[in-house]
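The values are calculated or read from the model by the stated rules, or taken from the named source; none is laboratory data. It should be emphasised that the depicted structure is a prediction, and the values quoted were computed from it without experimental measurement. In this analysis, Cβ positions are derived from the backbone assuming ideal geometry, glycine residues included, and neighbour counts consider all displayed protein chains.
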Amino acid sequence: MKNKIVIATNNQGKLRELRSIFNEFQLELITQGELDIHAAAETGDSFLANALQKARHAARYTKYPVIADDSGLMVDALNGEPGIFSARYAKENASDEQNNSYLLEKMFGIENRQARFHCCLVYIRSYKDPEPIVIQAEWRGLICESLSGNKGFGYDPIFFVPELNHTAAELSIDIKNKFSHRGQANRILVKQLLDEKLIVKQK
C-alpha cells in the first residue's frame, strides 16, 4: 500500500515536476483540489511565510502529510520584483501570458537582465507539526527580451539559463528538474525524507 502526501497546490505544472521526482517511491501524490480543499490565501510577507500558510491550511483538512512551496522570480534591476507576487504580478488572477508581458514591458530598455528563481519548500507531518522541514533553493539566469519555448509554465519562456543556452521553457522536464530551484529543493527534501524513513523506494 502506497503512502500518501498531499500537495498544497492546484498548479498542474508543479504537480508534474513533483511526480517526476517522486515516481520511484512507494508514494501517491494527491493535490488539495482532489480532496476538495480550497486554496489558502497568501498573505505572508515572505516565501517561507506563504509556504507555511499553504501547508498548514491543507493539513488542517487531511490526515496526510503535506508538501507546499512558494516560489517566485526575483529580478535584480526591479529590486527583487515580482518576488512573492509572481503569480499575480500583472493583476490578481493574471495568466502566465499576462505576467510575462507585464514583466517584459517593465524590463524594456534595461541592460541588467540578471534574475533568479527562488523556491521555499515546506513539508509538515500534521497540522500542528512543531518542526516542519524547510528547504530553500535558487536558480540564476537572465530575463529574455521575448518569449521562447512552450514547455514549463509561469515565467519559464522568458528565463534564459546561460549554462544550458536555453530558456526554462525549452527544457525537458528531466533537465529542468536537474537544474531548477524546485528541482534542487525537491531532491534535498527526498534525501531528508529517506533519511527520516518517511518514504521508501519502490521494490
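Considering only residues of segment 133-177 that are in a strand (DSSP E or B) and more than 18 Å from the chain's Cα centre (by Cα), which is nearest to F108 (Cα to Cα)?
Only one residue fits best here, namely I143.
What's the total number of residues in segment 100-128 that are buried (at least 21 other Cβ atoms within 10 Å of the Cβ), in contact (Cβ under 8 Å) with a residue 60 or more places away in the chain and outside any strand (DSSP E or B)?
Result for segment 100-128: 0.
Can you tell me which of (1) surrounded by 16 or more Cβ atoms within 10 Å (Cβ to Cβ); (2) without any contact (Cβ under 8 Å) to a residue 60 or more places away in the chain; (3) β-branched (V, I, T) is the one T43 doesn't meet?
Failed condition: (1).
Looking at segment 66-94, I want the residues that are closer than 19 Å to E105 by Cα and acidic (D, E) and have a partner that is buried (at least 16 other Cβ atoms within 10 Å of the Cβ) and modelled with pLDDT of 95 or more with Cβ atoms under 7 Å, at least 6 apart or on another chain. Which pairs are those?
D76/A115; E81/V75
Out of (1) at pLDDT below 95; (2) assigned to a loop (DSSP other than H, G, I, E, B), the odd one out for A87 is which?
The single condition A87 does not satisfy is (2).
Based on this model, can you work out whether L15 counts as touching a Ser or Thr at 6+ places or on another chain (Cβ under 9 Å) and assigned to a helix (DSSP H, G or I)?
Spelling it out, L15 is indeed touching a Ser or Thr at 6+ places or on another chain (Cβ under 9 Å) and assigned to a helix (DSSP H, G or I).
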